[in-house]
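Encoded as structure tokens, the structure appears first; notes follow it.
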Amino acid sequence: MAAFSLLPSAHIAPKPTLHFIKASTSDLPKTSPSPPSTKPQLPSHKPHHNIREEARLHNAATVTTNHPRFSAKYVPFTSITDPSSSDESYSLDEIVYRSQSGSLLDVQHDMSALKHFDGAYWRNLFDSRVGKTTWPFGSGVWSKKEWVLPEIDDDDIISAFEGNSNLFWAERYGKDFLGMNDLWVKHCGISHTGSFKDLGMTVLVSQVNRLRKMNKPVVGVGCASTGDTSAALSAYCAAAGIPSLVFLPANRISMAQLVQPIANGAFVLSIDTDFDGCMQLIREVTAELPIYLANSLNSLRLEGQKTAAIEILQQFDWEVPDWVIVPGGNLGNIYAFYKGFSMCKELGLVDKIPRLVCAQAANANPLYLYFKSGWKDFQPVKAKTTFASAIQIGDPVSIDRAVYALKNSNGIVEEAKEEELMDAMAQADSTGMFTCPHTGVALTALNKLRRSGVIGPTDRTVVVSTAHGLKFTHSKIDYHSKNIKDMACRLANPPVQVTADFGSVMDVLKKYLLSKSH
């Protein structure tokens, strides 16, 4: 342990450096060339060439003198909300999580370089990479590399070709239960580890891989987690050969979530506290040991998560939906979606952004209470147990980011009680979905806004599903067994016990079919 004391602390921001190199307009082409790496002429496949090696050979052969130098840097989040407040900035290659004043950091891209190309250029570039196996553009995240982590070498990227997740037309659910004909569910849980966290973790672990190659003092990556973050972190670190450390609140996550970091070889600490307690401990630990912090306090994660918003626009052929509803716990994701949409608008890919809704569990609802107060008085809450365990957070790190996103998108915050979210999940499942409780929170928010007339019957609406339902089978079993205390479980569909003879089977089948004929 003493050896670590000689290494610099990663928790305290170093003095700002201004080594950020912006692309001079004289360096940029005057017309939009063919998109770099859009349709690379790959060498013929040989047994010793894998896709990473092919990309390396292609990049070495590509003339880049006319390509703009896209770049990004860390800046205090306060300078995003008030550009005149600070000129503080840091290289993405520095290990820093907060500004000198203690505020969150944000990744700021060199928009002047990006704006040299028009919206049509970026639309065509991103669309040309969909469905390819070209490294690393087969990933829904890295297909937008220029907007995510532009300076990383392709060879340093750790990717499972995450993203490109299904945008599901919820035809029957919308028609039968909401009177809607244009309701969609973005299944971010159909991903490598079963949650949207993969989108951010590929970026963070790739940057850690780069830092370690630069001999930066990083011996491992750590996170506090309610389940999904630990799964994504452990999987990507395992792929990279980087040690991962996970702080979990004891007895507060599903077994399916617990087993993932264990299976991926993470060093797992089960701690007798809640998520907020784990978060405090991991921050203290990363201040003393050369362990890179992977929670959404780290703004690199949000760069990957914002690509889900860009994907939604792609999947609608660059038409903007009216509403996007996102479950919210630590609140980084609502800001990530806003950032993705707003970048598309600023760079001319679309002409507006959707209205955002952040949906919280009533048992962990500090943002909802803040919204209901008219943004006048934010108070953390002591989060109570909720079936939506991944958003059981009472003191969200990204509160300022979320408020900024909602204010700038004319957004709304709604909440879901436990019985509401479980009924909504069961109702969605009955129409062919298999959702997580967090999606149940978002669907409850949709139900309330639809009933109040805020969301209209023809409004194109996207509900973001953040995790796969298979991670939460225990709660589904309890619901359909009517085994949840003080909950009616009115949509339960338990199996019918029947003896193994023809007459008994026919009796129950006739009774069932008769009930369906009315």
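The values are calculated or read from the model by the stated rules, or taken from the named source; none is laboratory data. Not measured: the values here are computed from a predicted model. With ideal geometry, Cβ positions are generated from the backbone for all residues, glycine too; neighbour counts draw on all protein chains shown. Note: accessible area is taken over every heavy atom of the protein model, side chains too, but ligands, DNA and RNA are not part of it. Shrake-Rupley method; radii C 1.70, N 1.55, O 1.52, S 1.80 Å.
Collect the residues in segment 388-404 that are open to solvent by less than 10 Å² (accessible area, probe 1.4 Å), over 17 Å from the mean Cα position of the chain (by Cα) and modelled with pLDDT of 95 or more, keeping them in residue-number order.
The answer is none; no residue qualifies.
Only residues that are in contact with a Phe, Trp or Tyr (Cβ under 8 Å, 6 or more places away or on another chain) and open to solvent by 10 Å² or more (accessible area, probe 1.4 Å): list them for segment 451-465, please.
Hits for segment 451-465 are D459, R460.
Looking at (1) out of contact with any Cys (no Cβ under 7 Å at 6 or more places or on another chain); (2) within 30 Å of G456 (Cβ to Cβ); (3) surrounded by fewer than 24 Cβ atoms within 10 Å (Cβ to Cβ); (4) at pLDDT 95 or above, which one does S165 not meet, given that it meets all the others?
Every condition holds for S165 apart from (1).
Out of all the residues in segment 107-152, which are in a loop (DSSP other than H, G, I, E, B), open to solvent by 10 Å² or more (accessible area, probe 1.4 Å) and closer than 28 Å to T81 by Cβ?
Passing the criteria: K115, H116, D118, P150, E151.
Among the candidates K407, K448, single out the residue that is without any contact (Cβ under 8 Å) to a residue 40 or more places away in the chain, within 22 Å of the chain's Cα centre (by Cα) and open to solvent by 30 Å² or more (accessible area, probe 1.4 Å).
None of the other options fit; the residue is K407.
Within segment 292-315, can one find any residue that is open to solvent by 10 Å² or more (accessible area, probe 1.4 Å), on the phi > 0 side of the Ramachandran plot and touching a residue at least 24 places away in the same chain (Cβ under 8 Å)?
no
Taking segment 341-358 on its own, how many of its residues are within 19 Å of N124 (Cα to Cα) and surrounded by 24 or more Cβ atoms within 10 Å (Cβ to Cβ)?
Residues in segment 341-358 being within 19 Å of N124 (Cα to Cα) and surrounded by 24 or more Cβ atoms within 10 Å (Cβ to Cβ): 2 in total.
Do the conditions hold for A239, that is, is it within 20 Å of the chain's Cα centre (by Cα), closer than 19 Å to G200 by Cα and open to solvent by 40 Å² or more (accessible area, probe 1.4 Å)?
Considered against the rule, which asks whether it is within 20 Å of the chain's Cα centre (by Cα), closer than 19 Å to G200 by Cα and open to solvent by 40 Å² or more (accessible area, probe 1.4 Å), A239 comes out as yes.
For segment 236-284, give me each residue that is under 11 Å from A224 (Cβ atoms) and among the small types (G, A, S).
Within segment 236-284, just G277 meets the criteria.
What pairs come out if I take residues in segment 172-187 that are over 30 Å from D198 (Cα atoms) and pair them with residues that are of a type in the set (S, T, N, Q) and assigned to a strand (DSSP E or B) whose C-beta lies under 7 Å away, six or more apart or interchain?
Cβ pairs passing all conditions: M180/T461.
Out of (1) touching a strand residue (DSSP E or B) at 6+ places or on another chain (Cβ under 8 Å); (2) farther than 30 Å from L248 by Cβ, what's the single condition that is false for L349?
(1)
Is there any pair with a first residue in segment 492-511 that is in a loop (DSSP other than H, G, I, E, B) and a second that is of a type in the set (K, R) whose Cβ atoms are under 6 Å apart and which are 6 or more apart or on different chains, and what are they?
Sorted first by the residue in segment 492-511, then by its partner, the pairs are A492/K482.
I'd like to check which helices (runs of 4 or more DSSP H) are fully inside segment 418-488 and have at least 1 residues that are more than 27 Å from V259 (Cα to Cα).
Ranges flagged: 418-429, 437-451.
For segment 85-99, what are the residues that are open to solvent by 50 Å² or more (accessible area, probe 1.4 Å) and closer than 28 Å to F117 by Cβ?
The one that is open to solvent by 50 Å² or more (accessible area, probe 1.4 Å) and closer than 28 Å to F117 by Cβ: D87.
Do the conditions hold for F378, that is, is it aromatic (F, W, Y) and buried (at least 24 other Cβ atoms within 10 Å of the Cβ)?
When the stated conditions are applied, F378 does not pass them.
Can you name every residue in segment 246-272 that is open to solvent by less than 40 Å² (accessible area, probe 1.4 Å) and either hydrophobic (A, V, I, L, M, F, W, C) or without any contact (Cβ under 8 Å) to a residue 60 or more places away in the chain (or both)?
Selection gives V246, F247, L248, P249, A250, I253, A256, P261, A266, I271.
For P83, indicate whether it is touching a strand residue (DSSP E or B) at 6+ places or on another chain (Cβ under 7 Å) and not acidic (D, E).
no
Which of (1) open to solvent by 10 Å² or more (accessible area, probe 1.4 Å); (2) part of a helix (DSSP H, G or I) is the odd one out, the single condition L211 does not satisfy?
Checking L211 against (1) open to solvent by 10 Å² or more (accessible area, probe 1.4 Å); (2) part of a helix (DSSP H, G or I), the one that fails is (1).
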